[in-house]
Each structure stands twice: as structure tokens, then as C-alpha cells.
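**Q** One structure follows; several queries about it will come next.
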Amino acid sequence: MAQDPSAPAAVTEQQAIPLVRGVAFGEQEAPRVSQAATRLDVANLHAYYGARPALRDVSLTVWPNSVTAIIGPSGCGKSTFIRCLNRLHEVTPGARVEGRVLLDGDDIYGAGVDPVVVRQRVGMVFQRPNPFPTMSIFDNAVAGLKLAGIRNRELLREVAERSLRRAALWDEVKDKLHAAGGALSGGQQQRLCIARAIAVEPEVVLMDEPASSLDPMSTLKIEELMRELATSFTIVIVTHNMQQAARVSDYTAFLLAGEERVGELIEYGPTARIFTNPRDPRTEQYITGRFG
Amino acid sequence: MTPALTGADIRGRHLRRRQARDRLMRALLWCSALAAVTPLLLLLMFVVREGLPAFRPSLFTEVPRPLGESGGGVKPAVVGSLIMVGLGTFIGVPIAILAGVYAREYAGSRLATVIRFLIDVLAGVPSITIGLFVYGLLVAPMHTFSGLAGAVALAILIVPTVARVTDEMLALVPRSVREAAYALGVPRWKTIARVVLPSAKVGIATGVVLGVARIAGETAPLLFTALGNRTVSTSLVRPMDALPLRIYVYATGPYRSWHQQAWAASLLLVLLVLGFSLITRLLLRRRAPGPD
């Protein structure tokens, strides 16, 4: 990625920036890209809860096959932001969004766009592991397929194993696939949720503080997994843990809410630069631990 | 000067007071619990003691004898109760569950508020009023008392119980479970039908058991709908007997053998409801995946 994505007017440049597959890496060396990896262009995004604004005028580009971290102190709108990327924000009563989010050029908030279709392309892993309580490990892993009406047992078994392997959970659960998902440890449950999210082959995977309720070992596993998954998917992770952002992400966006508690994008750029040479004094204050 | 109190003194006094209060409250709670279950235990003991002498196979296999003759059974009432409670449940429960789903899952819409209010009103309508309503609705136009009319009256009676429980049980399904399904690109209706309802199924089934227990013991709404019948009838368009009706007739009658059979029929009713409740619980326990 030659260009600095924090450059303004990212949306208008979208045609000029080649997709990763076959261009940046060459056909032969292309990483295991599950499909043409997808970029997201967020343009002038505002989010509201009823009359109260929560996010103001956020614009940034999420690059294909990369891990983009959203950092910022509590209440800065990090979670609200990524919930806007798969149209989950509007599920909250009274919540609404203004602005555009382009998924490979198509506005997911465009007229006539079905949020269900958007969510099939943009998967999500939540802060607290939330496996379906009535389903077994196996059924959780392929829940997306089963609920979409796929009944081919051979295919389901294949997808379940592949997804659980990619989520680094297969070896731990292969002998108890029909036990309840809730019987696993927290870290295992979260990897089950990751398996569930990637089993439907989304293009983008959103992760809302996926390790914040886990112990350090589980956190480490999830972080390794994110790097691994970035070879196939475009990943956006929210984290309040700056070390985590520094360890796993290629790009970092720093959000901050001012006096009136409306989140704004302060700075966005390659993680290495954000953490070594931030341009905004508030970013520097935050990453050096002077507030937040 | 008062002698200085040490911290240990204060904590010691405080501790003794707290422990004494704890013992008092425990004793009160225990007494309340006992007071609540004592009537039930006494009732069961009484019903068993009085009902057992006439609780013979002939109770199920024989029809009532003509006045003055001893012996005979309440077969028409057993058959009628099974038919009318079964049919009433079959008609009422789907309507009630759908109404409860609407009231909870579409909470916020005006219609949902109206539905919830109407369910509460229906729960407060005296059962004899519902019997009168069905008399006007079915019995008068059909010019006959009928099992159908009895079943419809019972169906109306079971609706508020089951709808309310459904509403409450759905409220207990965490939002994270719904959002997990949305994030997989599952449409809302399918999320409700395949994820939310199964998560609440044990609670809803408990509500159905409560509802069945309630309508199985209802007498008033059957008085001028099903009317009662001294012969075994399975026709839905003719008068039909029911256990509560038979108990009412026999208990208010002048004969010793009638009284005995009324007690035996009461015992049977209690056992039927208890058995149904136990079977439902066992079935649900076996099917829900649990930790193992």
C-alpha cells in the first residue's frame, strides 16, 4: 500500500487505488484471499441515538486485507462506529445514521439496500462471546449457513471443520462438537463466535473489543488469529487497549469525544506512524497515556 | 471520658447484630415459605385421602349409573376433558405465542402496545363471562351445546396466560443473541423464529403447562357451552362432559357415592395436570443441550 490512507478525499480516490488481489502482490504470490478482498470507504458519517449525536463527520478508508484498529477512550463512539459498518447501529431503537459507507464502491446506506445482505458481506464478532445458547458447538459454527437454509450435511460438516480450524479451535472441540456452545471457556466461546462469523465467508469482519472479556492467554490467541485472518478478510477491530492495536493492526484510527460527548476522528494512518509520530497533539497525549 | 472503643469492639457489636438479624430474617422467610406450601400439601393429602377409595379402574371405564344405583364411573368426563383441553390448547396456544411474540419483538409500535393491553384485559375477564360470550357466539347460532363451544371457551382462556409468559420469556433473551444472528445476515423474522423463540422455549413451555392446568380445572365457562353429558360422546357438535363439570354436579348432589366419585375425579384431575407438567419438563430437559 503505497499511499498514506490518511490522505483526505479517500473516497474520490477509490478508483485510483488498486485492489490487493493480483495487483499489489502479483497473481502468484497473492495471499490466500477468499474472494476479492474488500475495501470500505466511510464518508462524512454521522451517527445518532434519537436526537443525541454520537459520532460526527467521520471519513476514512479501510484497506483490503489489513487490520484496522479503532482506538480511543471510553464513550468516544468506537463501538457505534463499527456498528455503522454493518448497519447494526440502526437496530437500536431510535438510532440512525447519516453519510455514506461504500463497500467496494456501493453505498450500504443507499436506497433499496437490504441490511440483511450488507450483514452477509460484513460479519461481526462482539465484545462478549455470544454463542447461540440453544445450539451445539457444531451448530453454532455453521449457524449462518443453517439459518440461510443450507441442509447439505456433507457441506455443513466441511464448513464447520474449516471454520473451526481457521479460528484455531478445531483441536480443542473436535471430540465434543455436539456439546453446548455455552459449555466452552470464554476464550473458546469467542473463537467459536469467530468461526461462526467467518463460516459465511464475509468480505469484512468487524470485531468489537473481541478480547476485552478474556484472559491474557486467550487474548494472545485471538490476536494471532486476527493476523492470520487478515490474509483472507478485511478486518476492523475496536480496542481500548493501545498495545493490542500496536501489535495487531496495520492502520489505526483514533476517535475522541469532546466536551459535548460526540465522537470525532482525530487521526488516521498506518499504525507504525500513529504510534511513533502522531500528527495531532491529542493522539500523542492519548497514546502516551496522559488521558483516557 | 468514655472509654475508647477499638475497631474490633465496633466490628464485634456490629457483627453480632447483623448475625442476629440474619437469623431472624431467615426464620421469617422459612415460615413464609412453609405457609405458602402448607395449603397445597394439605389439599393434596385431603384429595388423596378422600379420593382414593373410589379411585378404581371402573372410574375410567364406566359411564355414570342412573340415579340411586351405586358404582359407575366418569369415563365421559375423562374423554371430554381430554378432547376439549387438547383442542382448546391446540387452538389457543399458537395464537397466544404469536400475540406474545408480536407484543415483545415489535414492542414500541402502537399496535404492540394495544395488544399487550388487551392481553392484560383478557386475563382479567371472569371466566364465566367468556362462557357467556361463547354461548352467544356458538351455542345460540348452532342451537346446541357442544364440545366445540367448550373447546373455544377454553382456547380463549388459555390465550392471556401463554401470551403473557411468552412476552416475558422473550424479554429475557439477551439482545446479544439477537444481534449475533443479525450480524450473520439472518433476517429478523428468521432470527425470531429460529434463534429467539428456541432460546425461550423452556419458559414458554412452562407457560403452556400453567395455561393447560388452568383450563383443565375451569368449570364456569363450560357450564353453558359444553353443558355436560352422561354418555361418552366424541362428537364436537353435541354436548360433552368434562371432569370439573362432573365434579361440580356430583359434589353438589345428595348421594354419598356421588361425593366419593367427585373426590376421585378431583384426584384424577390433579394427577392429570401434574403428569402433564412432569412429562413436559422431562421432554424439554432431555432435548436442551446442557453442559457435559
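The values are calculated or read from the model by the stated rules, or taken from the named source; none is laboratory data. Note that the coordinates shown come from a computational prediction; the quantities given were computed from them, not determined experimentally. All Cβ positions, glycine included, derive from the backbone under ideal geometry; neighbour counts span all protein chains shown. Keep in mind that these areas ignore ligands, DNA and RNA; they rest on the heavy atoms of the full protein, side chains included. Shrake-Rupley method; radii C 1.70, N 1.55, O 1.52, S 1.80 Å.
**Q** Output the number of residues of the stretch A:162-178 satisfying the condition of being open to solvent by 10 Å² or more (accessible area, probe 1.4 Å) and either within 21 Å of A:Met226 (Cβ to Cβ) or within 14 Å of chain B (Cβ to nearest Cβ) (or both).
**A** So the answer is 11.
**Q** Show the residue pairs that are 6+ apart or on different chains and have beta-carbon atoms under 9 Å apart, the first residue being within the stretch A:205-222 and assigned to a helix (DSSP H, G or I), the second being of a type in the set (S, T, N, Q) and open to solvent by 20 Å² or more (accessible area, probe 1.4 Å).
**A** Sorted first by the residue in the stretch A:205-222, then by its partner, the pairs are A:Ser218/A:Ser185; A:Ser218/A:Gln188; A:Thr219/A:Ser212; A:Thr219/A:Asn241.
**Q** Taking the stretch B:126-145 as the region of interest, how many residues are crowded, with 23+ Cβ neighbours inside 10 Å and either free of Cβ contacts under 8 Å to residues at least 24 places away in the same chain or not aliphatic (A, V, I, L, M) (or both)?
**A** Residues that pass the stated criteria total 2.
A quick yes/no check of all residues on (1) closer than 13 Å to B:Ile158 by Cα; (2) within 21 Å of the chain's Cα centre (by Cα); (3) at pLDDT 95 or above:
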site: B:Pro76; (1), (2), (3): no, no, no
site: B:Val93; (1), (2), (3): yes, yes, yes
site: B:Ile97; (1), (2), (3): yes, yes, yes
site: B:Ala107; (1), (2), (3): no, no, no
site: B:Thr113; (1), (2), (3): no, no, no
site: B:Arg116; (1), (2), (3): no, yes, no
site: B:Ala123; (1), (2), (3): yes, yes, no
site: B:Ile130; (1), (2), (3): yes, yes, yes
site: B:Phe133; (1), (2), (3): no, no, yes
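**Q** Right, B:Val162: at pLDDT below 95 and crowded, with 17+ Cβ neighbours inside 10 Å or not?
**A** So B:Val162 fails the test.
**Q** Taking the stated definitions as given, is A:Thr68 among the hydroxyl-bearing types (Ser, Thr, Tyr), part of a strand (DSSP E or B) and out of contact with any Leu (no Cβ under 6 Å at 6 or more places or on another chain)?
**A** yes
**Q** For the stretch A:268-292, give me each residue that is open to solvent by less than 40 Å² (accessible area, probe 1.4 Å) and either within 19 Å of A:Ser79 (Cβ to Cβ) or aromatic (Phe, Trp, Tyr) (or both).
**A** A:Tyr268, A:Tyr286
**Q** Is it fair to say B:Ser70 is of a type in the set (Ser, Thr, Tyr), in contact (Cβ under 8 Å) with a residue 12 or more places away in the chain and not in a helix (DSSP H, G or I)?
**A** In short, yes.
**Q** Quick one: which of A:Gln127, A:Gln189 is open to solvent by 10 Å² or more (accessible area, probe 1.4 Å), under 23 Å from A:Ile222 (Cβ atoms), in a loop (DSSP other than H, G, I, E, B) and of a type in the set (S, T, N, Q)?
**A** A:Gln127
**Q** Let me confirm something: among A:Gln127, A:Gln188, which residue is more than 8 Å from chain B (Cβ to nearest Cβ) and closer than 23 Å to A:Thr80 by Cα?
**A** On inspection, the qualifying residue turns out to be A:Gln127.
**Q** Let me ask something additional. Are there any pairs, at least 6 apart or on different chains, whose C-beta atoms fall under 9 Å, with the first in the stretch B:178-206 and more than 7 Å from chain A (Cβ to nearest Cβ) and the second in a loop (DSSP other than H, G, I, E, B) and small (Gly, Ala, Ser), and if so, which?
**A** The qualifying pairs are B:Lys201/B:Ala288; B:Val202/B:Ala288.
**Q** Something else: Could you look through the stretch A:130-143, keep only residues that are open to solvent by 10 Å² or more (accessible area, probe 1.4 Å) and assigned to a helix (DSSP H, G or I), and pick out the one that is nearest to the other protein chains (Cβ to nearest Cβ)?
**A** A:Asp139
**Q** Then there is this: Give the residue that is surrounded by the most Cβ atoms within 10 Å (Cβ to Cβ), with candidates limited to residues of the stretch B:167-177 that are assigned to a helix (DSSP H, G or I) and more than 8 Å from chain A (Cβ to nearest Cβ).
**A** B:Asp167
**Q** Counting only residues that are among the aromatic types (Phe, Trp, Tyr) and farther than 29 Å from B:Thr219 by Cβ, which one in the stretch B:99-125 is surrounded by the most Cβ atoms within 10 Å (Cβ to Cβ)?
**A** The residue in question is B:Tyr102.
**Q** Another question, if that's okay. Determine, yes or no, whether A:Pro210 is crowded, with 24+ Cβ neighbours inside 10 Å, facing chain B (nearest Cβ under 9 Å) and of a type outside the set (Phe, Trp, Tyr).
**A** When the stated conditions are applied, A:Pro210 does not pass them.
**Q** Name the single residue that is nearest to the other protein chains (Cβ to nearest Cβ) among those in the stretch A:106-124 being more than 18 Å from the chain's Cα centre (by Cα) and either open to solvent by less than 30 Å² (accessible area, probe 1.4 Å) or β-branched (Val, Ile, Thr) (or both).
**A** Top of the filtered list is A:Val113.
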